[in-house]
Amino acid sequence: MTRKQEIIDTAKTLFRERGYKSVSMRDLAKVIDFKAASLYNHISSKEEILADIVLDVARYFTHEMNIIKSLNVDAKTQLEGVIKHHVDLTINNPEAIAILNNDWMHLEGKHLEDFKMMRDTYENDLRSIITQGIEHKEIAFQNIDIILFSILSTLRTLHLWYRKRSDLSENDLKKDITDILLKGILVKS
């Protein structure tokens, strides 16, 4: 692991625990046992750390969505893929998900523009999958924006809930979240 990666990994933990605004470079240096000034040999600013974390996650979601869109499969299978990659990242990198959700608004300039562009594209791609599902009668017609909101709000906050319930297996979590989001909770009569 490089020093820069060590700094970023430590920052992920501190940002998740305290929030981006509440963590200073001095706090970060203390945890890593560096002198604050020597951090700047590896990074240019705290905002650079935040950008690395948030944009890495946004690029991951963009990459995964591009794979899902390239598959010649139905909307249900595409939505299952979306849910799966959210769950995977929540389990494997919960700090990054928390920071993405809670601290993206502290990005500046090009970093903020890049993030918003990737987020908007991702949401539009998901909206297109839902629309396709409705058009092909795979999804019962509902308000597309409510479906989008319901899926994304569940997946974006999963890290908060799962943190307290890590006794669930990854496969059970994926299956149950997928079933609830795509099939609902009522017994079919």
In the set 36, 51, 75, 96, the lone residue that is surrounded by 13 or more Cβ atoms within 10 Å (Cβ to Cβ) and free of Cβ contacts under 8 Å to residues at least 40 places away in the same chain is 36
Inside the range 17-33, can you point out the residues that are open to solvent by 40 Å² or more (accessible area, probe 1.4 Å) and of a type outside the set (A, V, I, L, M)?
17, 18, 21, 22, 24, 26, 27, 30, 33
Pairs, first over 13 Å from residue 84 (Cβ atoms) in the range 160-189, second assigned to a helix (DSSP H, G or I), C-beta under 6 Å, six or more apart
162/90
Filter the range 112-153 for residues that are in contact (Cβ under 8 Å) with a residue 60 or more places away in the chain and farther than 18 Å from residue 63 by Cβ; which is surrounded by the fewest Cβ atoms within 10 Å (Cβ to Cβ)?
136
In the range 172-181, is there at least one residue being open to solvent by 70 Å² or more (accessible area, probe 1.4 Å), farther than 23 Å from residue 62 by Cβ and of a type in the set (A, V, I, L, M, F, W, C)?
yes
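The values are calculated or read from the model by the stated rules, or taken from the named source; none is laboratory data. Source: prediction; values computed, not measured. Here Cβ is always computed from backbone atoms with ideal geometry, including for glycine, and neighbour counts include all displayed protein chains. Surface areas here come from the heavy atoms of the whole protein model, side chains and all, with no ligands, DNA or RNA. Shrake-Rupley method; radii C 1.70, N 1.55, O 1.52, S 1.80 Å.
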